[in-house]
Amino acid sequence: MLQLAEIHLRRSEWEQTVQRCEDAAALNPLHEEQWNTLAAALRQLGRTAEEEEALRRALAVNPGSDSARNRLMQLRKQGKGEL
């Protein structure tokens, strides 16, 4: 399912990306990349609060995730999120 999500992401099919990532998370919530992919699609849809939650989930799975931590820091600087 994550592979399908990544295909949708490359095609700028944001809603389909979100759906596939949510499907993948239902099967295995402990996969960091699905949370990062979900966050990227949510960012494109302007769903910042949900993007932040997806990034937090990525960090919960992998506290060393630089990509999730960096994006959360960007959100904080924009005043749209808290670390």
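Bear in mind these aren't lab numbers, they're just calculated from the coordinates by the rules spelled out. Fair warning: this is a prediction, and the values are worked out from it, not measured in the lab. Using ideal geometry, Cβ is built from the backbone for each residue, glycine included, and neighbour counts are taken over all protein chains shown.
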Distance in nm between Q78 and E22 label points, each 7 Å along Cα→Cβ, equals 2.1
One would report the Cα pair-distance distribution of the chain, bin width 10 Å, in %, as 21, 53, 25, 1
Farthest towards the positive end of the dipole of the chain, among G79, M1, W35 and with Cβ unit charges of +1 on Lys and Arg and -1 on Asp and Glu, lies the Cα of G79
Under the helix-only model (-39500 (n - 2.57) for each DSSP H run of 4 or more, divided by the residues of the chain), the mean residue ellipticity at 222 nm, to 500 deg cm²/dmol, is -23500 deg cm²/dmol
Residues other than A41 with Cβ under 15 Å of its Cβ, Lys/Arg counted +1 and Asp/Glu -1, net out at -3
The local net charge around A5, scoring Lys/Arg +1 and Asp/Glu -1 for residues other than A5 whose Cβ lies under 12 Å from its Cβ, equals -3
